[in-house]
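Colleague: One structure is given below, represented as structure tokens, and several questions about it will come after.
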Amino acid sequence: QVQLVESGGGLVQTGGSLRLSCAPSGRTFGTYAMGWFRQAPGKEREFVAAISWSGGTIFYTDSVKGRFTISRDNAKNTVYLQMNSLKPEDTAVYYCAAHLGTSGSRREGDYDYWGQGTQVTVSS
């Protein structure tokens, strides 16, 4: 059974930075790709970033390109989301998700496990 745990959320000012982390708390079954999603109040959950098992394939939603960086350390079973130049529009609950296999995806339905989310608030 796989459970994901996010950490690193908090309150920052516009232009600041945060680094989110996510790791499974239980044993994993095979390899897995990872993704980050977010949900702001009154809005639907949206895709943010994804990374393949090897780290060789990475993609982002357009609104965070050049500002956010997804990475992973398989030795630590941890995926990261480095967020720079934060804007108030980035305020949301951020979720990590695991997709069994090696390739990442932008689609929520492709992910098998989800974390509980961590709050990111960017003040104006």
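The values are calculated or read from the model by the stated rules, or taken from the named source; none is laboratory data. Treat the numbers as computed from the prediction; the structure is a model and nothing was measured. Cβ sites come from the backbone with ideal geometry, for glycine too, and all protein chains shown count toward neighbours. Ligands, DNA and RNA are excluded from the accessible area calculation, which covers all protein heavy atoms including side chains. Shrake-Rupley method; radii C 1.70, N 1.55, O 1.52, S 1.80 Å.
So that you can scan it fast, the table gives a plain yes or no per residue for (1) hydroxyl-bearing (Ser, Thr, Tyr); (2) open to solvent by less than 30 Å² (accessible area, probe 1.4 Å); (3) at pLDDT 95 or above:
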site: Val12; (1), (2), (3): no, yes, yes
site: Ser17; (1), (2), (3): yes, no, yes
site: Gly30; (1), (2), (3): no, no, no
site: Gln39; (1), (2), (3): no, no, yes
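Colleague: Which number in (1) part of a loop (DSSP other than H, G, I, E, B); (2) open to solvent by 40 Å² or more (accessible area, probe 1.4 Å) marks the one condition that Ser105 misses?
Modeller: (2)
Colleague: On the given criteria, is Ala49 touching a residue at least 12 places away in the same chain (Cβ under 8 Å), surrounded by 14 or more Cβ atoms within 10 Å (Cβ to Cβ), under 14 Å from the mean Cα position of the chain (by Cα) and over 14 Å from Gly117 (Cα atoms)?
Modeller: So Ala49 fits the description; yes.
Colleague: Just the residues that are assigned to a loop (DSSP other than H, G, I, E, B) and among the basic types (Lys, Arg), please, taken from the stretch 1-51.
Modeller: Within the stretch 1-51, Arg27, Lys43, Arg45 qualify.
Colleague: Quick one: is Tyr113 open to solvent by 30 Å² or more (accessible area, probe 1.4 Å) and at pLDDT 95 or above?
Modeller: No, not satisfied.
Colleague: Given the conditions (1) part of a helix (DSSP H, G or I); (2) under 11 Å from the mean Cα position of the chain (by Cα), and given that Ser63 satisfies all but one, which numbered condition is not satisfied?
Modeller: Answer for Ser63: the failing condition is (2).
Colleague: If you go through the stretch 67-88 one residue at a time, do you hit one that is under 17 Å from Arg38 (Cβ atoms), acidic (Asp, Glu) and either assigned to a loop (DSSP other than H, G, I, E, B) or open to solvent by 40 Å² or more (accessible area, probe 1.4 Å) (or both)?
Modeller: no
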